[in-house]
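To start, the structure under review is shown below, and the notes come after it.
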Amino acid sequence: MITRIGLMAGDIWNYLEVHGKISSINDMVQGLGSDRDLVLMSIGWLAREGHVVLEGGQENYKVTLTR
């Protein structure tokens, strides 16, 4: 499972690079065509490492790529 989370983290990074450095979680899940739970775990990984920032709340979280 850790490998899948890491690979999805890379996919999220690339998604944000291509589609703009900010995206909603819902847009990302649809755009990546992946399981929401896997996307959320991978965003958590990236956030813990300081590669993304989460903003907003409830249903409208936005993910921003940091640099």
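The values are calculated or read from the model by the stated rules, or taken from the named source; none is laboratory data. Note that the structure is a prediction, hence the values are computed from the model and not measured. Note that each Cβ is placed from the backbone with ideal geometry, even for glycine, and that neighbours are counted across all protein chains shown. Protein only, heavy atoms only, side chains kept; ligands, DNA and RNA dropped before computing areas. Shrake-Rupley method; radii C 1.70, N 1.55, O 1.52, S 1.80 Å.
Tabulated data
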| quantity | calculated |
| --- | --- |
| Residue count for region 5-24, restricted to those that are among the charged types (D, E, K, R), part of a helix (DSSP H, G or I) and over 10 Å from the mean Cα position of the chain (by Cα) | 1 |
| Pairs with Cβ under 8 Å, 6+ apart, first in region 37-64 and free of Cβ contacts under 8 Å to residues at least 40 places away in the same chain, second open to solvent by 80 Å² or more (accessible area, probe 1.4 Å) and not in a strand (DSSP E or B) | L38/R4; L54/Y61; E55/Y61 |
| Within region 1-41, considering residues that are of a type in the set (D, E) and farther than 16 Å from V52 by Cβ, the one surrounded by the most Cβ atoms within 10 Å (Cβ to Cβ) | D35 |
